[in-house]
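Asks: This is the structure, below, for whatever I ask next.
The values are calculated or read from the model by the stated rules, or taken from the named source; none is laboratory data. Owing to the predicted nature of the structure, the values given are computational and were not obtained by experimental measurement. A quick note on method: Cβ atoms are made from the backbone with ideal geometry, for glycine too, and the neighbour counts reach across all protein chains shown. Only protein heavy atoms, including side chains, enter the accessible area calculation; ligands, DNA and RNA are left aside. Shrake-Rupley method; radii C 1.70, N 1.55, O 1.52, S 1.80 Å.
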Amino acid sequence: MSYNTFGKLFRYTTWGESHGPAIGCTVDGVPPRIPLCEADIQMYLDQRKPGTSKYTTQRREADAVKILSGVFEGQTTGTPIQLMIENTDQRSKDYGDIAKQFRPGHADMSYIAKYGIRDYRGGGRSSARETASRVAAGAIARKILNDTMNDTRGNTRGNTISVRASMVQMGRTKINTDRFSWDTVSQNPFFCGDPVTADIWASELDAIRKNGSSIGAVIEVVAEGVPAGWGAPIYSKLDTDIAAAMMSINAVKGVEIGAGMNAAILTGEENADQMAPGPNGKPVFQSNNAGGILGGISSGQPIVARFAVKPTSSILTPRRSVNEAGEAVNIITKGRHDPCVGIRAVPVGEAMMAAVLADHMMMHRAQCG
């Protein structure tokens, strides 16, 4: 099995390689008559695209999306939506020296072990370039979440769902949550809600970038307005699917929901999210250690997930490795690379959260109406 498809009812299949002519995805299961145009998708791709600051790869890609099918007269038709993003700034010659060598930290060795062949140009299918397709699919998921919350006259019949993410840690430096503001996230190249920490990161990453090295990061994704009841008790828990979605993003090595790993150091009294009577008979929670999910089902609280992104493996510092013949080599990875790939992972995390929520909304309605 190739497993290039994500989701159950809301499904998308990504295709293409980093240095191929184009990348894209086929999105299936989208309800009909949802307003959709390329601008609805492009606004999110522009957040992820490379070359937007000196802190990201200087590969220059417009990431201009084209809708090839599934939309007619500005509305979805219920048929598969085909999206294409052309690659226009490949430099495949940068990778000629490592065509037969295994880069430490990359998937070169494991791809050869599985397929016996690999596209060495920029990592091919294992490149983070693939995530542009996810962001495009996630834009459609957001449309499903909010347009299907309205009736045919445009009146809201449910919550408006927002999905937002920010970088909360780079290397050892964490944000100060007391200074956090969502308004600040869009005002710096790090998607950071703490302006003081954003300035610190700028200095730290400048030094790392000039040394030809890289650093890791932690991203937090928050979904608000999700009604209680989405998810399933056992094999398709909402938090299970969110964790799997985040873990599928390139370079992600850890995922946590709510209190996450810190839940291990809490007592039962500290961890339990106490409730009090609220308006309309709905409970009001006193804390959110559960991250908005109880027993695999949404509780109505904000859904909070965090994921850790490893340092970019492509660095200028020589590293020991082997080639396809099993001989010892020293490798320096040339080309244009992100000194902190976690920066551009922020809109990808949002897209994956939106995709999971759209899928679970449709599954919930299929079973419970």
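Asks: Answer with yes or no whether GLY193 is over 20 Å from the mean Cα position of the chain (by Cα), part of a loop (DSSP other than H, G, I, E, B) and among the small types (Gly, Ala, Ser).
Replies: Values: over 20 Å from the mean Cα position of the chain (by Cα): no; part of a loop (DSSP other than H, G, I, E, B): yes; among the small types (Gly, Ala, Ser): yes.
So GLY193 does not fit the description; no.
Asks: Cβ-Cβ under 9 Å, sequence separation 6+ or interchain: first residue in the range 1-19 and under 16 Å from SER126 (Cβ atoms), partner open to solvent by 70 Å² or more (accessible area, probe 1.4 Å) and part of a loop (DSSP other than H, G, I, E, B). Which pairs?
Replies: From the range 1-19, the pairs are HIS19/ARG91.
Asks: Among the residues of the range 271-302, which ones are among the hydroxyl-bearing types (Ser, Thr, Tyr) and either part of a helix (DSSP H, G or I) or surrounded by 16 or more Cβ atoms within 10 Å (Cβ to Cβ) (or both)? Steps first, please.
Replies: Step one: of the range 271-302, the residues among the hydroxyl-bearing types (Ser, Thr, Tyr) are 287, 298-299.
Passing the criteria: SER298, SER299.
Asks: Still on this structure: Given the options ASP206, ASP239, name the one that is modelled with pLDDT under 95, open to solvent by less than 50 Å² (accessible area, probe 1.4 Å) and charged (D, E, K, R). Spell out the reasoning first.
Replies: Working: ASP239 fails: modelled with pLDDT under 95.
Exactly one residue qualifies, and that residue is ASP206.
Asks: Please verify whether LYS237 is among the basic types (Lys, Arg) and in contact (Cβ under 8 Å) with a residue 60 or more places away in the chain, treating the condition exactly as stated.
Replies: Details: among the basic types (Lys, Arg): yes; in contact (Cβ under 8 Å) with a residue 60 or more places away in the chain: yes.
Judged against the criteria, LYS237 is a match.
Asks: If you don't mind, another one. Could you go through the range 107-114 and let me know if any residue there is out of contact with any strand residue (DSSP E or B) (no Cβ under 8 Å at 6 or more places or on another chain), modelled with pLDDT under 85, basic (Lys, Arg) and under 22 Å from GLY20 (Cβ atoms).
Replies: Checked the range 107-114: no residue is out of contact with any strand residue (DSSP E or B) (no Cβ under 8 Å at 6 or more places or on another chain), modelled with pLDDT under 85, basic (Lys, Arg) and under 22 Å from GLY20 (Cβ atoms).
Asks: If you don't mind, there's one more thing I want to ask. Scan the range 206-254 residue by residue and report those that are among the aromatic types (Phe, Trp, Tyr) and either on the phi > 0 side of the Ramachandran plot or in contact with a strand residue (DSSP E or B) (Cβ under 8 Å, 6 or more places away or on another chain) (or both).
Replies: Within the range 206-254, the first condition is being among the aromatic types (Phe, Trp, Tyr), and the residues that meet it are 230, 235.
If the condition is that a residue be among the aromatic types (Phe, Trp, Tyr) and either on the phi > 0 side of the Ramachandran plot or in contact with a strand residue (DSSP E or B) (Cβ under 8 Å, 6 or more places away or on another chain) (or both), then TRP230 is the only one that fits.
Asks: Next up: Considering each of ARG125, ARG129, ARG134 in turn, give the residue that is open to solvent by less than 40 Å² (accessible area, probe 1.4 Å), more than 20 Å from GLY225 (Cα to Cα), basic (Lys, Arg) and modelled with pLDDT under 95. Step through it out loud before you land on a result.
Replies: On the way: ARG125 fails: open to solvent by less than 40 Å² (accessible area, probe 1.4 Å); ARG134 fails: modelled with pLDDT under 95.
Within the list ARG125, ARG129, ARG134, the selection yields ARG129.
Asks: Quick one: in the range 317-355, of everything that is modelled with pLDDT of 90 or more and assigned to a loop (DSSP other than H, G, I, E, B), which residue is farthest from GLY292 (Cα to Cα)?
Replies: Ranking the qualifying residues of the range 317-355, first place goes to CYS340.
Asks: Moving on. Among the residues of the range 160-179, write down those that are farther than 18 Å from GLU350 by Cα and open to solvent by 40 Å² or more (accessible area, probe 1.4 Å).
Replies: ARG172, LYS174, ASN176, THR177, ASP178, ARG179
Asks: Can you name every residue in the range 4-33 that is open to solvent by 10 Å² or more (accessible area, probe 1.4 Å) and part of a loop (DSSP other than H, G, I, E, B)?
Replies: ASN4, GLY7, LYS8, LEU9, GLU17, HIS19, PRO21, GLY29, PRO31, PRO32, ARG33
Asks: So MET84 clears everything in (1) surrounded by fewer than 18 Cβ atoms within 10 Å (Cβ to Cβ); (2) modelled with pLDDT of 90 or more; (3) not aromatic (Phe, Trp, Tyr) except one condition, right? Which one?
Replies: Tallying (1) surrounded by fewer than 18 Cβ atoms within 10 Å (Cβ to Cβ); (2) modelled with pLDDT of 90 or more; (3) not aromatic (Phe, Trp, Tyr), MET84 fails exactly one: (1).
Asks: Checking the condition free of Cβ contacts under 8 Å to residues at least 40 places away in the same chain and at positive phi, which residue from GLY369, GLY295, GLY300 passes? Can you show your working first?
Replies: Values: GLY295 fails: free of Cβ contacts under 8 Å to residues at least 40 places away in the same chain; GLY300 fails: free of Cβ contacts under 8 Å to residues at least 40 places away in the same chain.
Matching residue, one of GLY369, GLY295, GLY300: GLY369.
Asks: Considering the range 314-349 alone, what residues qualify as being under 17 Å from ALA99 (Cβ atoms) and of a type in the set (Ser, Thr, Tyr)?
Replies: Within the range 314-349, SER314, SER321, THR333 meet the criteria.
Asks: Take ALA305 and tell me if it is under 29 Å from ASP63 (Cα atoms) and either within 21 Å of the chain's Cα centre (by Cα) or open to solvent by less than 50 Å² (accessible area, probe 1.4 Å) (or both).
Replies: Details: under 29 Å from ASP63 (Cα atoms): yes; either within 21 Å of the chain's Cα centre (by Cα) or open to solvent by less than 50 Å² (accessible area, probe 1.4 Å) (or both): yes.
When the stated conditions are applied, ALA305 passes them.
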